[in-house]
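Data block below; observations after.
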Amino acid sequence: VYHSHHRDPASFRPEGNGTEVDYAHPIQSAVAYIKDHLDERLSVQTMSRRVYLSRSQFSRLFQRTMGVSFNDYVLAARMECARALLTETCYPIDLIAGKVGFTSASYFSTTFKRLVGESPRSYRMEALRRSYGVSARDPWAIAAGPALVLMAAFVAAAIPATRAVRVSPVVVLRD
């Protein structure tokens with residue numbers, strides 16, 4: 001429980017990992033911590049201890065401030081980060097699952113599909129199609145996987161606009 005006579009509420013306390021807790025703004029401190037630690041186990045109990053509030057105080061204040069429960073916020077933040085990693089990197093899905101705090105790639109995929117509406121692989125391929133004009137149904141793109149598709153797209157982007165070039169079995173035309 002937070003007792004104001006123990007600490008100056010406007011003070012900051014450096015944590016072992018370099019993160020600071022702002023006692024005057026515990027929810028903002030919690031949100032910053034969540035964003036920097038999505039790969040870790042995050043619970044109401046550990047977060048409330050971290051900001052020196054009781055579990056019930058923290059939960060009520062978090063819900064009132066953020067408009068969603070702590071657990072729903074963490075899950076949404078994990079999915080947002082996963083979507084960015086799927087579209088901006090070639091990391092394997094099991095590595096992305098770990099980077100956003102899931103210990104099981106299959107549970108990550110199930111959760112992602114339930115919340116986003118498509119599997120992580122389908123989401124990545126659709127993002128590639130939108131960004132680089134690669135067809136998600138193209139047999140070469142499916143067989144090659146996102147890493148080679150991205151590499152082909154980057155090579156194609158570097159080609160002067162007046163040339164036609166063959167990149168692996170995909171022909172990239174510029175006009």
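The values are calculated or read from the model by the stated rules, or taken from the named source; none is laboratory data. Just so it is clear, the model here is predicted, and its values are computed rather than measured. With ideal geometry, Cβ positions are generated from the backbone for all residues, glycine too; neighbour counts draw on all protein chains shown. Note: accessible area is taken over every heavy atom of the protein model, side chains too, but ligands, DNA and RNA are not part of it. Shrake-Rupley method; radii C 1.70, N 1.55, O 1.52, S 1.80 Å.
Overview of values
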read-out: Which numbered condition Ala141 misses (of (1) at pLDDT below 95; (2) open to solvent by 40 Å² or more (accessible area, probe 1.4 Å); (3) not in a loop (DSSP other than H, G, I, E, B)); value: (2)
read-out: Residue satisfying all of: in region 122-137; more than 17 Å from Cys81 (Cβ to Cβ) and surrounded by 16 or more Cβ atoms within 10 Å (Cβ to Cβ); modelled with the lowest pLDDT among these; value: Ala136
read-out: Counted residues, region 75-94 - those being buried (at least 16 other Cβ atoms within 10 Å of the Cβ) and among the small types (Gly, Ala, Ser); value: 2
read-out: Selected residue [in contact with a helix residue (DSSP H, G or I) (Cβ under 6 Å, 6 or more places away or on another chain), open to solvent by 30 Å² or more (accessible area, probe 1.4 Å) and of a type in the set (Asp, Glu)] from Asp39, Asp72; value: Asp39
read-out: Failed condition for Glu80, given (1) farther than 16 Å from His25 by Cα; (2) in contact with a strand residue (DSSP E or B) (Cβ under 7 Å, 6 or more places away or on another chain); value: (2)
read-out: Members of region 95-104 that are in contact (Cβ under 8 Å) with a residue 12 or more places away in the chain and open to solvent by 40 Å² or more (accessible area, probe 1.4 Å); value: Lys99
read-out: Residue in region 43-54 that is open to solvent by 40 Å² or more (accessible area, probe 1.4 Å), at pLDDT 95 or above and in contact with a Lys or Arg (Cβ under 7 Å, 6 or more places away or on another chain) present; value: yes
